[in-house]
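One structure is given below, encoded as structure tokens.
The values are calculated or read from the model by the stated rules, or taken from the named source; none is laboratory data. Small disclaimer: the values here were computed from a predicted structure and weren't measured. Every residue, glycine as well, gets a Cβ built from its backbone with ideal geometry; the counts of neighbours run over all protein chains shown. Quick note on the areas: whole protein, heavy atoms, side chains included, nothing else; ligands and nucleic acids left out. Shrake-Rupley method; radii C 1.70, N 1.55, O 1.52, S 1.80 Å.
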Amino acid sequence: MIFWIWVFGAMYVALLVFVSVKSFKKDRSAEDFMLAGSNVGLILGVLTYAAALFSTFTFLGMPDFFRLHGIGAWIFLALSDGAMVFFIVWFGYHIRKKVKQFGFKGVAGLIAKSYGNKWAGYIIFLSAFLFLIPYVGIQIQGISIFMNAAFPGSLPSWGWATLIVVVMLVYSEVGGFKAIIYSDAIQGLLLMVVIWIIGASCLSYFGGIDKMFEAVRQVDEKLLSTPGPKGLLSTQFLLASLIAIVMIPVSQPQFTTRIIVMKSTKSVHYMAVSLGVFAMLVITPTIFIGFYGAVKYADVGREEFFANAFLYDQPGFVAALAVIGLIAAGLSTTNAQIFALGSELRGLLKGSEKSVMLKTKIGIFAFSIIALVFSLLVSDQIVLLARVSFAGTGIMGPMILLGVLSDRKVPPFVIFVSGVGLVVFLLSLAGILPSEIYGLRMDLFLFIVLCLSAILGYIFGKKSST
Amino acid sequence: MISVSVLLCIITFTPLVTPYGIYKPMLFGVPYTMWMGVIITVLLVLFTYLGTKVHPGMGGEEDEA
């Protein structure tokens, strides 16, 4: 395996260097660096969106989710992704219209302009910072766990994590957003190939899909229905997850940016359809890997399951591809998120283009260091942390949607209520406030309240003269 | 199109698609919620494709800037 890791690793690094250098322009503008000139075509658009969406969370987290919680995991992610791509068609059209009106330097900046209130931007940035950093941290941690399994004893966890962050910072600094998009394309393709090779290998262990489900039934038939053996995938959990995932293009700035930098609305539409197909294709093999784990590694911890299913049970070159594929998946998502935070910061800064860019780059560096520290501290299931990230940023969804759709001057109470919603959600996560209210999950309850607040904000908003 | 897609999402969270603790009837050995979930996902992507065909954004009139 080690030999193949060096071979595939060298090829991957060579490709990263190539795209970074190819994307480098000496006299590039801030627009070129942060938004790749806003001229991204269909294929690159699909791959960059998919690579940002399907990450360590999909590669490791989804098999583990199927292993522990059963078939409801499909509803949790694949079906919700189906709803999300439908939503992109509608939302993409409207946000691109808004960007034509106000320009684009990050979602926070756009919504602050749309509301005519800088606090709207600050709250969106705060929410992105609070919920993206832990998610980035756990991606970095996922890669370092895997690297420890591949190269036991060669580097401590913090060493692997630091190496990952350094690679990410170097290639994004050299090539900017364009390099990230190109590397996403490589990573998206690599992820698809690797996950299918491992998925097919796991399926062949059973000898067919029907035999796989039969084997799972013999282990624990609760894995074949919702809410699953631990009762996690309840109707409310799945519904709240669907809402959070549908809100991803609205409230997670790395995805909003990818919709905006597409060269036309037509490209966005085709990207949405292709992304739906990509999602089904990439999630399907995670079922096979997950149920392979449910049958063979039902009672072990996640690290042991990952190490066995992805490395030790695979031929050397497949295990090596898994290592490189995982690094690629984690890097692309991490990079997308850190760069998006930089972009959000840029939208809130004032000053000359040169000083704003300098502060943005310092911001990107600082976010990376914070995420690195977080990766050494965090301990949770990857999927559940990702879901908290989606739900947390999703709380800003109604306010952002109102800013995008409304042609009225929205009253400030919408911003205030969204800010309170954010605080309540954080307190609920910390266990200070209850996780349910009136029998509803807190995230679902908050989403309903914030939607009502946005509707009232629209009704009481004054018609804008612009 | 939008209302059908919303309806599909809503029925997902009813016992019609996610009955509590029930995995039968199976289809080709696949549990009930799994195959229903796959069908609904495919339909949502199909409706997304059909939606792009009738959406005003496909005219490209707002992309010249």
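From the Cα gyration tensor of chain B, with a ≥ b ≥ c the square roots of its eigenvalues, which class applies: rounded if a/c is under 1.5, or else prolate if a/b is larger than b/c, or else oblate? Could you put the intermediate results ahead of the total?
On the way: a/c = 4.79, a/b = 2.88, b/c = 1.66.
Prolate.
Apply the a/c threshold of 1.5 to the C-alpha gyration tensor of chain A and tell me whether it is rounded, prolate or oblate.
Working: a/c = 1.81, a/b = 1.27, b/c = 1.42.
It is oblate, given that a/c is not under 1.5 and a/b is not larger than b/c.
Based on the mean of other Cβ atoms within 10 Å per residue, sort peptides A:425-437, A:264-276, A:245-257, A:47-59 so the most packed one is first. It would help to have the intermediate numbers written out before the result.
On the way: A:425-437: 13.4, A:264-276: 23.8, A:245-257: 25.7, A:47-59: 27.8.
In decreasing order of mean packing, A:425-437, A:264-276, A:245-257, A:47-59 become A:47-59, A:245-257, A:264-276, A:425-437.
How high is the FRET efficiency from A:Lys118 to A:Ala14, r the C-beta distance, R0 35 Å, rounded to 0.05?
Values: r = 45 Å, r/R0 = 1.27.
After rounding to 0.05, the efficiency reads 0.20.
Taking a label point 7 Å from the Cα of A:Asp299 along the Cα→Cβ vector, which residues of segment A:216-259 have an amide N closer than 14 Å to it?
Residues passing the 14 Å test: A:219-220.
Using 0.36 nm per residue, how much length does the chain from A:Phe24 to A:Asp210 gain when fully extended, once their Cα-Cα distance is taken away?
Working: separation 186, 0.36 × 186 = 66.96 nm, distance 5.07 nm.
The span from A:Phe24 to A:Asp210 would gain 61.9 nm if fully extended.
Cβ neighbours within 10 Å, averaged per peptide: list A:187-195, B:21-29, A:355-363 in order, most packed at the top.
On the way: A:187-195: 22.6, B:21-29: 13.2, A:355-363: 16.6.
Highest-to-lowest ranking by the protection proxy: A:187-195, A:355-363, B:21-29.
Shape of segment A:95-244 from its Cα gyration tensor (a ≥ b ≥ c, root eigenvalues): rounded if a/c is under 1.5, otherwise prolate when a/b > b/c, or oblate?
Values: a/c = 2.15, a/b = 1.42, b/c = 1.51.
Judged from the Cα gyration tensor, segment A:95-244 comes out oblate (a/c at least 1.5, b/c at or above a/b).
Residues with amide H under 5 Å of A:Met262's amide H, sequence separation 5 or more or different chain, H placed in the peptide plane at 1.01 Å from N; which?
Amide H neighbours of A:Met262: A:Val40.
Where the only charges are on Cβ atoms (+1 Lys, Arg; -1 Asp, Glu), what is the dipole of segment A:303-427 about its Cα centre, to the nearest 20 debye? Don't skip to the answer; put the middle values down first.
Values: 8 positive and 7 negative charges, 165 e Å.
So the magnitude is around 800 debye.
Computed on protein heavy atoms with a 1.4 Å probe, what is the summed buried accessible area for the chain pair B and A, in Å² to the nearest 100? Can you show the working numbers first?
Numbers: alone 5180 and 18340 Å², together 20160 Å².
When B and A are taken together, about 3400 Å² of accessible area is lost.
Under a Cβ-only charge scheme (Lys and Arg +1, Asp and Glu -1), can you give me the dipole magnitude of segment A:356-451 about the Cα centre, in debye to the nearest 20? If you can, show how the numbers build up before the last one.
Values: 6 positive and 4 negative charges, 68 e Å.
For segment A:356-451, the charge dipole is close to 320 debye.
Taking R0 as 30 Å, what FRET efficiency do you get between A:Lys462 and A:Leu384 from their Cβ-Cβ distance, rounded to the nearest 0.05?
Values: r = 42 Å, r/R0 = 1.41.
My answer for the efficiency is 0.10.
At 20 °C and a viscosity of 1.002 mPa s, what translational diffusion coefficient does Stokes-Einstein give for segment A:315-441, taking Rh as the Kirkwood radius over Cα pairs? Give it in µm²/s as a whole number. Provide the component values of the computation, followed by the final result.
On the way: Rh = 18.1 Å.
Translational diffusion coefficient: 118 µm²/s.
Could you tell me which of the pairs A:Lys100/A:Lys359; A:Lys211/B:Lys53; A:Lys266/A:Lys359; A:Lys118/A:Lys178 are separated by over 32 angstrom between their Cα atoms in the structure shown?
Over 32 Å Cα-Cα: A:Lys211/B:Lys53; A:Lys266/A:Lys359.
With a 1.4 Å probe and all protein chains left in place, how much accessible area per residue does segment A:228-370 have, in Å²? Spell out each step's value before the answer.
On the way: 4090 Å² over 143 residues.
The answer is 29 Å² per residue.
Once label points are set 7 Å from the Cα along Cα→Cβ at both A:Leu126 and B:Val42, what is their separation, rounded to one decimal in nm?
About 4.7 nm separates the two model spin labels.
Using only atoms on other chains, find how many Cβ atoms lie within 10 Å of each Cβ of peptide B:22-32 and report the average.
Working: counts 3, 11, 2, 0, 5, 1, 4, 8, 6, 10, 3.
Mean shielding by partner chains, rounded to a whole number: 5.
Given points 7 Å out from each Cα along the Cα-Cβ axis, report the A:Trp158 to A:Leu189 separation in nanometres with one decimal.
Inter-label distance under the simple model: 3.9 nm.
I want to verify the translational diffusion coefficient of segment A:300-351 in µm²/s; compute it with Stokes-Einstein, Rh as the Kirkwood radius over Cα pairs, at 4 °C and 1.567 mPa s.
Values: Rh = 13.4 Å.
Answer, rounded: 96 µm²/s.
Taking 22 Å as R0, compute the FRET efficiency from the Cβ-Cβ separation of A:Leu377 and A:Glu173 and round it to 0.05.
Details: r = 26 Å, r/R0 = 1.17.
It comes out at approximately 0.30.
Take peptide A:72-81, look around each residue's Cβ out to 10 angstrom, count Cβ atoms belonging to other protein chains, and average those counts. Intermediate values should be presented prior to the final figure.
Values: counts 4, 2, 8, 10, 1, 1, 7, 13, 4, 3.
That average works out to 5.
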